[in-house]
1. Among residues belonging to region 105-141 that are more than 22 Å from Lys174 (Cβ to Cβ) and hydrophobic (A, V, I, L, M, F, W, C), point out the one that is surrounded by the most Cβ atoms within 10 Å (Cβ to Cβ).
2. Out of everything in region 64-93 that is of a type in the set (A, V, I, L, M) and more than 30 Å from Arg118 (Cβ to Cβ), what residue ends up being surrounded by the fewest Cβ atoms within 10 Å (Cβ to Cβ)?
3. Name every residue in region 115-135 that is closer than 18 Å to Glu159 by Cβ and at pLDDT below 90, in order of residue number.
4. From the residues in region 150-168 that are part of a strand (DSSP E or B) and over 26 Å from the mean Cα position of the chain (by Cα), which one is surrounded by the most Cβ atoms within 10 Å (Cβ to Cβ)?
5. Could you tell me whether any residue of region 60-79 is among the small types (Gly, Ala, Ser) and in contact with a strand residue (DSSP E or B) (Cβ under 7 Å, 6 or more places away or on another chain)?
Amino acid sequence: MSAQPAKKAKGPRINRDITSPKVLLVLDTGEKKGVVPIEDALAAARAAGLDLVEVAPGETPVCKVLDFGKMRFENQKKKAANRKNQRTQTLKEIKMRPNIDVHDYGVKTKAMQKFFDRGDKVKVTIRFRGREMAHMDRGTDLLARVKEDFAETTKVEFEPKTEGRMMIMVLAPK
């Protein structure tokens, strides 16, 4: 039977896990001691009641004397804050017809404004049925009106384009 290699610990090496014979030592006060033997660095960490942590691996790794548990906790807090502030942009769709009424248009634009305020993109789709296909210019005029109404707050990401019985335009918040 062959012996399995030890699993490498996730994160920086600490205390006795540091294998380099000499390290560049930085004390907990921020004072740089220079290149010292690993035993002296471990003794300095023990004297301070803290851990010796490898912050930059290399031929002569940079090691700092600090509280490893506290450092790990701070890193977890930073990652959680970054995840919290992360925002994914979704694509919402608003469907209209070329002969839309004034009030219905107002309802649709209010919904679009809500999406833009949340930071979402909006895909405006105009669907033509039957004889409406003969009046494609109404759809073009309607999309131009939408573009004009949201000109200050949004940018056109995908210009109006006809695909079969649909006319599509994508708007994104500025």
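1. Going through the qualifying residues, I end up with Ile126.
2. Residues of region 64-93 of a type in the set (A, V, I, L, M): 65-66, 71, 80-81, 91.
Filter once more, so that each one left must be more than 30 Å from Arg118 (Cβ to Cβ): 65-66, 71.
Numbers: Val65: 23, Leu66: 19, Met71: 17.
Checked region 64-93; the qualifying residue surrounded by the fewest Cβ atoms within 10 Å (Cβ to Cβ) is Met71.
3. none
4. Filtering region 150-168 down to residues part of a strand (DSSP E or B) leaves 154-163, 166-168.
Filter once more, so that each one left must be over 26 Å from the mean Cα position of the chain (by Cα): 159-163, 166-168.
Details: Glu159: 10, Pro160: 18, Lys161: 11, Thr162: 13, Glu163: 8, Met166: 13, Met167: 22, Ile168: 17.
Checked region 150-168; the qualifying residue surrounded by the most Cβ atoms within 10 Å (Cβ to Cβ) is Met167.
5. First, the residues of region 60-79 that are among the small types (Gly, Ala, Ser): 69.
Filter once more, keeping what is in contact with a strand residue (DSSP E or B) (Cβ under 7 Å, 6 or more places away or on another chain): none.
No, region 60-79 has no match at all.
The values are calculated or read from the model by the stated rules, or taken from the named source; none is laboratory data. Since the structure is predicted, the reported quantities are computational estimates derived from the model, not experimental observations. A quick note on method: Cβ atoms are made from the backbone with ideal geometry, for glycine too, and the neighbour counts reach across all protein chains shown.
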